[in-house]
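Have a look at the structure below, then the notes.
The values are calculated or read from the model by the stated rules, or taken from the named source; none is laboratory data. The structure presented is a predicted model; accordingly, all values stated were derived computationally and were not measured. So basically every Cβ, Gly included, is an ideal-geometry build from the backbone, and we count neighbours across all protein chains shown. Each accessible area value is taken on the protein alone, full model and side chains, heavy atoms only, with ligands, DNA and RNA left out. Shrake-Rupley method; radii C 1.70, N 1.55, O 1.52, S 1.80 Å.
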Amino acid sequence: MKKILEIENLTVSFDGFKALNNLNFSMNPGELRVIIGPNGAGKTTFLDVITGKVQPTKGRVLFKGKNLKKIPEYKIARMGIGRKFQTPRVYLNLTVRENLDLVCNHNKNVFSTLFKPPKSVESRTVGGLLETIGLEAKANAPAELLSHGEKQRLEIGMLVAQSPDLLLVDEPAAGLTDEETENVGALLLSLAESHSIIAIEHDMEFVRQIANNKVTVLHQGSVLCEGTMDEIQNDPKVIEVYLGKAPSITPEQMNILRIAVSMAWADGNFTPEQMNVILSRLSREFAIDTEHQYSLQQELQNYLAKNIPLEELVPKLKNFGEKERVLKLSYEIIRSNKMNRQEIEVYQKLLKLLDLPDDIVEQVETEIEAKYK
Ligand code: ADP
Ligand code: MG
């Protein structure tokens, strides 16, 4: 079978730093390929090269057998490569239908699209798209009223309207609620029946949902390994560089620590020394021995990078005991150095979300204050 995409010995250097390093990759038409890899692995650069935004330093990219060397971005787009960026780019003051009309009509002029009655063929296309992206009920709502996930789906719809042969999506689940993540996943799976898709993704739950075929793991600008989700999750190389060991504490404990860590992160202004003190305090909370405390400290560092909003974390607390523990740890953390405005703001927000009785809050704060007397 002729490959839709073939990448040979691709290297991209930025001032000598190899963001991509002798990378080889190929995929068949009709595949839904998921690409994962830690931050800085080169995933976005990989898409930048395919779309012509960045030129290879070495090696080549073949799309349907054609070398993309020196072809400008807009021409590559016309050749049939569509890209969905991380943040939605839809016209907020147009309705969902009008946004789709714009791209379904070949004449991409906003005014002519708005004022010419759409031909029946075209409106049927728009109708089909609305159904595909699950936004029929919101067809006449202005795009600005859509949730973040709905906007993502609309933008995917707009991309599909241009019938690209290859669809590139960069972290489509980033910042979505669980329900929206599932919707976007389902949409990608249904599109995969008739499109070739590369989805770059960080969120492992999402990867599990959509990866029904091959997953490619990027690491330091090269392909580390490829296989089914099961294969890569059990590959020692992947476990080492990307997935890490399964967290050594329970998800509930991890949730508690993540919330407390948000306090420390509030002003984004920590010296590594301060951060170490906090990580060490937090890891002591659940470590079973010194060795575990050390490894837990490393684990926490990785989880810090995720920066999940409190609104998502706090509702996961299971009971009163967990809430109280979070309160204690969080107050200890902001009290462990000079409090600043951002920290107090985040702490206030936490208190609101925790919704604990005032006397409990007062009691916890007084207990911790006593240690500083
Ligand atoms: P990922 O998307 O996997 O997180 P990127 O492709 O964004 O990774 O980046 C890979 C590496 O290349 C990173 O170390 C990044 O700092 C570097 N990089 C990316 N773009 C540039 C650029 N334009 N100039 C210099 N370095 C870059
Ligand atoms: Mg990226």
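Residues are listed down the side, and each one gets a yes or a no for (1) at pLDDT 95 or above; (2) open to solvent by 20 Å² or more (accessible area, probe 1.4 Å); (3) within 16 Å of ligand 2 (Cβ to nearest atom):
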{"residue": "58", "(1), (2), (3)": "yes, yes, no"}
{"residue": "61", "(1), (2), (3)": "yes, no, no"}
{"residue": "82", "(1), (2), (3)": "no, no, no"}
{"residue": "89", "(1), (2), (3)": "no, yes, no"}
{"residue": "101", "(1), (2), (3)": "no, yes, no"}
{"residue": "108", "(1), (2), (3)": "no, yes, no"}
{"residue": "117", "(1), (2), (3)": "no, yes, no"}
{"residue": "125", "(1), (2), (3)": "no, yes, no"}
{"residue": "128", "(1), (2), (3)": "no, yes, no"}
Exercise. Considering only residues of region 203-222 that are surrounded by fewer than 19 Cβ atoms within 10 Å (Cβ to Cβ) and touching a Lys or Arg at 6+ places or on another chain (Cβ under 9 Å), which is farthest from residue 5 (Cα to Cα)?
Worked result: 220
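In region 161-194, which residues are in contact with a strand residue (DSSP E or B) (Cβ under 8 Å, 6 or more places away or on another chain) and more than 16 Å from ligand 1 (Cβ to nearest atom)?
Selection gives 162, 164, 165, 166, 167, 188, 189, 191, 192.
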Exercise. Going through region 223-241 one residue at a time, which ones are farther than 20 Å from residue 3 by Cα and surrounded by 14 or more Cβ atoms within 10 Å (Cβ to Cβ)?
Worked result: 224, 229, 232, 233, 235, 238, 239, 241
Problem set entry | Unique match (being assigned by TED's automatic domain parsing to the domain that holds residue 197, surrounded by 20 or more Cβ atoms within 10 Å (Cβ to Cβ) and assigned to a loop (DSSP other than H, G, I, E, B)) among 52, 30 | 52
Problem set entry | Test result for residue 169, over 12 Å from the mean Cα position of the chain (by Cα) and assigned to a strand (DSSP E or B) | no
Exercise. Does at least one position in region 221-240 carry a residue that is in contact with a Ser or Thr (Cβ under 8 Å, 6 or more places away or on another chain), modelled with pLDDT of 80 or more and closer than 19 Å to residue 85 by Cβ?
Worked result: no
Problem set entry | Within region 1-49, tally of residues that are under 18 Å from residue 72 (Cα atoms), within 12 Å of ligand 1 (Cβ to nearest atom) and among the aliphatic types (A, V, I, L, M) | 3
Exercise. Residue check: is residue 171 open to solvent by less than 80 Å² (accessible area, probe 1.4 Å), on the phi > 0 side of the Ramachandran plot and modelled with pLDDT under 95?
Worked result: yes
Exercise. How many residues, within region 80-108, are in contact (Cβ under 8 Å) with a residue 24 or more places away in the chain and in a helix (DSSP H, G or I)?
Worked result: 8
Exercise. Of everything in region 174-200 that's small (Gly, Ala, Ser) and outside any helix (DSSP H, G or I), which residue is surrounded by the most Cβ atoms within 10 Å (Cβ to Cβ)?
Worked result: 199
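Would you mind finding the one in 263, 275 that is farther than 20 Å from residue 324 by Cα, modelled with pLDDT of 75 or more, among the hydrophobic types (A, V, I, L, M, F, W, C) and in the same structural domain as residue 347 (by TED's automatic domain parsing)?
Every option except 275 fails the conditions.
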For this session: Tell me which residues, restricted to region 142-166, are in a helix (DSSP H, G or I), open to solvent by 10 Å² or more (accessible area, probe 1.4 Å) and of a type outside the set (D, E, K, R).
Result: 145, 148, 158, 159, 160, 161
